[in-house]
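One structure is given here, and the rest of the page talks about it.
The values are calculated or read from the model by the stated rules, or taken from the named source; none is laboratory data. Worth saying up front: this structure is predicted, and the values here are computed from it rather than measured. Using ideal geometry, Cβ is built from the backbone for each residue, glycine included, and neighbour counts are taken over all protein chains shown.
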Amino acid sequence: MDFSNAQIRAFRHWIQGYQNFYEPIVEAYFRHAGYTVLAHPAKVGAGDIQRIVDALFDGHKRLGPGLDSRALQALLKRRSRLQPDFLLERGGRRYLAELKSWGGFTASGQFDLRLMADYFLGPKPNAYDGAYLLVDWLEDAPIAGKLLVVSSRSPQHDQVQAGLQRAYDTPVELLYLDEIFRTPQLAGAIERQLRYLDAAVAELKQDFLASSPVLPMGQ
């Protein structure tokens, strides 16, 4: 069976977006960029979640168009914790980072306005994806901003980043896996993960070939 270039590219994005593959590389990138990793994952407990609910209720946290404050309050009240991927520190300031990969949804892997709306905005957002963007305090210390790592840059980068900042009333920096992977200083970390991938594929082939009859091509 032949596969189109678009299918192959989309499958590639699914593979590189697998959490156990890309997380060690992104963590190495954070350290290269001058961040200290304080926690992986970060843990936002009930007290800090209640702080968000209170800020939404009394209007101290003002959400942008496309987000329903009451719906978010209701969602947060049902949760005992949130778990963003990383708590980082740089220059005495702390940041929360979340790593997402929806690259396989499109052949380009680009995180554009449509994907932002589907996962972070209304009328019925998957609010858990954006909940960490509401965390402005963690364990009585301020959070200076949030990092969101996604698959690939779209031409709408500026609009997407501004849209997230406006919607959640917080500084947001968008980072991209394919650009992180091109950082020369990460060559060692990337090579290690590629060896990991090669070993897994070799084992998969061996298992399939040992347990399945070999069929002629096209069957």
Worksheet item: Given R166, R153, R182, R195, which one is charged (D, E, K, R) and touching a Pro at 6+ places or on another chain (Cβ under 9 Å)?
Response: R166
Worksheet, complete the sentence: Here the residues within segment 61-99 that are of a type in the set (A, V, I, L, M) and either surrounded by fewer than 13 Cβ atoms within 10 Å (Cβ to Cβ) or touching a strand residue (DSSP E or B) at 6+ places or on another chain (Cβ under 7 Å) (or both) are A74, L82, L87, L88, L96, A97, L99
Worksheet item: So which residues in segment 77-102 are under 13 Å from F30 (Cβ atoms) and either of a type in the set (A, V, I, L, M) or without any contact (Cβ under 8 Å) to a residue 40 or more places away in the chain (or both)?
Response: L87, L88, L96, A97, L99
Item to complete: Could you check how many residues of segment 137-182 are closer than 20 Å to A28 by Cα and part of a helix (DSSP H, G or I)?
Response: 4
Practice prompt. Considering only segment 189-200, state which residues are in contact with a helix residue (DSSP H, G or I) (Cβ under 8 Å, 6 or more places away or on another chain) and among the small types (G, A, S).
Written response: A189
Worksheet, complete the sentence: Screening A144, A167 for residues that are among the hydrophobic types (A, V, I, L, M, F, W, C) and either touching a His at 6+ places or on another chain (Cβ under 7 Å) or at pLDDT 95 or above (or both) leaves only A144
Item to complete: Kindly indicate whether L164 is in contact with a strand residue (DSSP E or B) (Cβ under 6 Å, 6 or more places away or on another chain), surrounded by 22 or more Cβ atoms within 10 Å (Cβ to Cβ) and among the aliphatic types (A, V, I, L, M).
Response: yes
Practice prompt. Being assigned to a loop (DSSP other than H, G, I, E, B) and without any contact (Cβ under 8 Å) to a residue 40 or more places away in the chain is the filter here, so list the residues in segment 1-17 that pass it.
Written response: D2, F3, S4
Worksheet item: Consider A74 against the criteria (1) in a helix (DSSP H, G or I); (2) of a type in the set (A, V, I, L, M, F, W, C); (3) in contact (Cβ under 8 Å) with a residue 60 or more places away in the chain: it satisfies all of them except one. Which criterion is unmet?
Response: (3)
Worksheet item: Do you know which residues across segment 142-175 are more than 12 Å from L115 (Cβ to Cβ) and among the polar types (S, T, N, Q)?
Response: Q159, Q161, Q165, T170
